[in-house]
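Trainee: Sharing a structure below in structure tokens format, with a few things to ask.
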Amino acid sequence: MRPHKIALGSAEGREVLIVRMTADNGLVGLGEAIAHPAFSGETLGALKAGVNCLAECALGENPMNLNKICTSMDHKLYANYGAKGAIETAVLDLLGRCLDTPVYNLFGGITKDRFPVSRSASHSDLEKDIAEVREYMEEGYRIIKVKVGVLSVGEDVERVKAIREVTGSKVSLRADANQGWDVPTALKFIRGVEDCGLEFLEQPVAKSNLDGMAYLRTKSLTPILADESAATEHDVLEIIKKGAADFISIKLVKSGGILAARRIATLADCAGIKCYLGSQTETSIGTAAGLHYALSANCFDYGGEIYGPAFFLKDITKSSVRIEGGDIYPSQEPGFGVELDMDRVREFAIAD
């Protein structure tokens, strides 16, 4: 995995839990959860314990009874959204395979045949960031997000201005502070980049500081996006009540799967809040799940960060989802259309 740095810390790899669910007919469904304690609170050990606890909610059930399975998981274990999402994803993949259809057809079919991908400039080094942005643009990407909040606010302002000079107006430019600032610092950044035409500023302050987010909205020409603040339906209701965001980032790993993500998107739509698709740089399994969700929804007009397979030096599937010309394309194979490469799984397996 290419190293990257954000306000929550740096990463050079991912710990991933894979769920395999086998039906009586021998078909196998796959699910995935990323261990990211700083973001979700779930370590790899916690994910494994959660899945082991919740497995009985799905074992012996007809995969058609997905609502029953998800309700049972919610009653059995509080939170643990990554573990729940991994099981739900495996059930959906299995159901699609049993019905011989892509998962997006289970939610009414696709609204578009491809999805625009956002790439991130996250080195916190201007020279490296500009080189990477140029590379992204040459590959056809039309959405760039600058990770800020690691350097001083002045340095971040200069980075954003320099990157905007490179991209021109044809690229949608965003910034993400990953909770890195307090309100005065965030406001200083907002004032500094007012002429850069940012499409949004993501999570400028701590996820619990909805009052601060709401205040920044009243002072900013740049729309505010809530990410870490917007995990569950209850979180989004609070954001709506306080007027704390113009956008929310929906991630399957933090919401607990596609069913919950669809409910969150409906709440946001009713309140006039725009939706953006996020990810935790999953392998092709989690990336395909996010893609099938996005393509079957009609709320994602601003693209998303489902570029995990492009970020990893090696994937654990036999083939990766196709990312080409700045867009990601779904497979037309049953389920989510990805198969595990067991040799790769054994190569990267973490011993108990």
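The values are calculated or read from the model by the stated rules, or taken from the named source; none is laboratory data. Not measured: the values here are computed from a predicted model. Because the Cβ atoms are built from the backbone with ideal geometry, glycine has one as well, and the counts that use them run over all protein chains shown. Surface areas here come from the heavy atoms of the whole protein model, side chains and all, with no ligands, DNA or RNA. Shrake-Rupley method; radii C 1.70, N 1.55, O 1.52, S 1.80 Å.
Trainee: What accessible area per residue, rounded to a whole number of Å², is obtained for the chain using a probe radius of 1.4 Å?
Mentor: Solvent-accessible surface per residue comes out at 42 Å².
Trainee: Please list, ordered by chain and number, the residues whose modelled amide H lies under 5 Å from the amide H of Ile224; skip anything fewer than 5 residues away on the same chain.
Mentor: Close amide H contacts, sequence-distant or interchain: Leu201, Asp246, Phe247.
Trainee: What list of ³J(HN,Hα) couplings, whole Hz, do you get for segment 250-255 from phi and the Karplus terms 6.51, -1.76, 1.60, once you set θ to phi - 60° and write x for glycine and proline?
Mentor: With coefficients 6.51, -1.76 and 1.60, one gets 9, 10, 4, 5, 9, 8 Hz.
Trainee: If you don't mind, another one. Leaving ligands, DNA and RNA out of it, report the carbon-plus-sulfur percent of the accessible area of segment 263-352 at a 1.4 Å probe.
Mentor: Carbon plus sulfur share of accessible area: 46 percent.
Trainee: Using the alpha-carbon atoms, what tilt in degrees (0 to 90, nearest 10) does helix 233-242 show relative to the longest principal axis of the chain?
Mentor: For helix 233-242, the angle is close to 20 degrees.
Trainee: Does segment 71-160 come out rounded, prolate or oblate, given a ≥ b ≥ c as the square roots of the eigenvalues of its C-alpha gyration tensor, rounded meaning a/c under 1.5 and, failing that, prolate meaning a/b above b/c?
Mentor: oblate
Trainee: How large, in percent, is the carbon and sulfur part of the accessible surface of segment 191-235 at a probe radius of 1.4 Å?
Mentor: In segment 191-235, the share of accessible area belonging to carbon and sulfur is 48 percent.
Trainee: Could you sort His75, His292 by their accessible area in this structure, using a 1.4 Å probe and putting the largest first?
Mentor: The residues order as His75, His292, largest area first.
Trainee: In the structure shown, do any of Lys188/Lys219; Lys84/Lys254; Lys254/Lys314 have a Cα-Cα gap over 18 Å, and if so which? Intermediate values should be presented prior to the final figure.
Mentor: Numbers: Lys188/Lys219 11 Å; Lys84/Lys254 10 Å; Lys254/Lys314 24 Å.
Cα-Cα > 18 Å for Lys254/Lys314; rest within.
Trainee: For segment 251-294, list residues with backbone N below 18 Å from a point placed 7 Å from the Cα of Thr232 toward its Cβ?
Mentor: Residues 251-268 fall inside that zone.
Trainee: Assign unit charges at the C-beta atoms only (+1 for Lys and Arg, -1 for Asp and Glu), then state the dipole size of the chain relative to its Cα centre in Debye, rounded to the nearest 20.
Mentor: Approximately 500 debye in magnitude.
Trainee: Still on this model: Sorted by average packing, counted as other Cβ atoms within 10 angstrom per residue and highest first, what order do 222-229, 261-268, 39-46 take? If you can, show how the numbers build up before the last one.
Mentor: On the way: 222-229: 23.8, 261-268: 19.6, 39-46: 18.1.
Going by the mean number of other Cβ atoms within 10 Å, highest first, we get 222-229, 261-268, 39-46.
Trainee: I've got another one for you. What residue among Val133, Cys196, Asn67 has its Cα farthest toward the positive end of the dipole of the chain, where the charges are +1 on Lys, Arg and -1 on Asp, Glu, each on the Cβ?
Mentor: Toward the positive end, the furthest listed residue is Cys196.
Trainee: Here is a follow-up. What number, in percent, do you get for the relative contact order of segment 73-160 if the mean sequence gap of Cα pairs under 8 Å and at least 6 apart is divided by its residue count?
Mentor: On the way: 51 pairs, mean separation 19.3, N = 88.
Reported relative contact order: 22 percent.
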